Every structure is written in C-alpha cells, then in structure tokens.
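Visitor: I have a structure here, written as structure tokens, and I will follow up with some questions on it.
The values are calculated or read from the model by the stated rules, or taken from the named source; none is laboratory data. Source: prediction; values computed, not measured. Cβ placement follows ideal geometry from the backbone for every residue including glycine, while neighbour counts extend to all protein chains displayed. Heavy atoms of the whole protein, side chains included, go into the accessibility calculation; ligands, DNA and RNA do not. Shrake-Rupley method; radii C 1.70, N 1.55, O 1.52, S 1.80 Å.
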Amino acid sequence: ICENFTYVVGEFTLFPAGSTHSDVATYLMNTVMPTLPAGTEMEFVAGQFVVVMFPDKNPPYPRSYSIASAPTEKGFIEITFKKEGVFTQRLSEIKEGDELIINGPAGHFTFDERIKEDLVLIAGGTGIAPFRGMINYALNKNVPNNICLILSVKTPEDLLYKNEIKKWQANKKI
C-alpha cells in the first residue's frame, strides 16, 4: 500500500534512540491508516521508507526516512533521525494534534526471506535504521541467515540502539 495520507499526531512517542546525544531522536507513529477501513494498518517490508511532509509545506521539501521497526512489530512504525536541519528540528517539535503528510511505504532495499545466504550489512550513524528493522524481522521470523553488521560511528556515544545491539551480539546468528 503506497499512498499519501494525513497523519494526525496523536499516539506517538519521541525519544532518544539509545544515544547520549540529544541531536538524534526516534519517532514512533501509529500505523492505523485513516483512509482505509477501521483497524487497517499500513503494511511494509523490512527496509522500506516513508516520505514525511508538513501540510503547510514549510519547509517546502519532503524528507524520506527509513522505517527502523520490523513488520512483525505491529501497531507502529519507527523512524530515527538526526536533528541537523530546519525539517528535522521542526519534526522533533511536533505535538499531539499536529498533522504530518506521510507517503509510503516505498523502496526496494528490503529483506528478502527467499535469500538463504548469509548477509553483511554496513551502516554509519542513523544509517542503521533500515538494518534494525531487517535484523529484528529476521530474529522474529527465525530465518536461517547469519547476519554480520558492520557499524561505524564517530564516537562510542554516537552508537544508536546500544541495548538492542548488545542483545543482537548475544544471538549467535548476528
């Protein structure tokens, strides 16, 4: 399902993504789509993204954000972003009742269960977002692939999802 819909900010959470830096945040959005029958959720594949825009088009350009959650985690999608520009600063300041225009999900950089070979995933900083969704999906579905995550950050404090990564490290498949 790929469509534009206006998301009225209601049930959401904005929280640090396990980083000690206040310039990175994770945004959790309810996936119930207001333009579809009641109870219908946005469906996505691990690794896809959504495009976010403000209804007043200020700033005038939309931004794409990888979905950091797994499709097996129902009821929400999660995006992680670094607050480094006008758009992300405004996004980090939204309040309940504010509206966002969400387009998506979209993209073909996804986890394919038909591939049985082991995977090597390479990311830096917030680039871990789509891989987080892929890894959690693979763990939740108990796929046979071994996954090697190579992650680069400027400092240890910049590492996102620290507690989750520790859990992944304990798993013999990651």
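Visitor: Between 26, 80, which is touching a Phe, Trp or Tyr at 6+ places or on another chain (Cβ under 8 Å), assigned to a strand (DSSP E or B), at pLDDT 80 or above and open to solvent by less than 60 Å² (accessible area, probe 1.4 Å)? Steps first, answer last, please.
Guide: Numbers: 26 fails: at pLDDT 80 or above.
Being touching a Phe, Trp or Tyr at 6+ places or on another chain (Cβ under 8 Å), assigned to a strand (DSSP E or B), at pLDDT 80 or above and open to solvent by less than 60 Å² (accessible area, probe 1.4 Å) holds for just one of 26, 80, which is 80.
Visitor: Let me ask something else about it. Can you tell me which condition residue 61 does not meet? The list is (1) under 21 Å from residue 160 (Cβ atoms); (2) open to solvent by 50 Å² or more (accessible area, probe 1.4 Å); (3) of a type outside the set (A, V, I, L, M), and all the others hold.
Guide: Unmet condition: (1).
Visitor: May I ask you to list the residues in segment 45-77 that are in a loop (DSSP other than H, G, I, E, B) and either acidic (Asp, Glu) or closer than 13 Å to residue 129 by Cβ (or both)?
Guide: Once the filter is applied, which keeps residues that are in a loop (DSSP other than H, G, I, E, B) and either acidic (Asp, Glu) or closer than 13 Å to residue 129 by Cβ (or both), segment 45-77 yields 46, 47, 48, 56, 68, 69, 70, 73.
Visitor: Would you point out the residue of segment 128-170, among those that are surrounded by fewer than 17 Cβ atoms within 10 Å (Cβ to Cβ) and charged (D, E, K, R), that is modelled with the lowest pLDDT?
Guide: Across segment 128-170, the extreme among qualifying residues is 157.
Visitor: Search segment 98-127 for residues being among the β-branched types (Val, Ile, Thr) and over 21 Å from residue 149 (Cα atoms), and hand back the single one that is most open to solvent (accessible area, probe 1.4 Å).
Guide: As a first pass, look at segment 98-127 and keep what is among the β-branched types (Val, Ile, Thr): 101-102, 110, 115, 120, 122, 126.
Filter again for over 21 Å from residue 149 (Cα atoms), leaving 101-102.
On the way: 101: 36, 102: 2 Å².
In this case the residue turns out to be 101.
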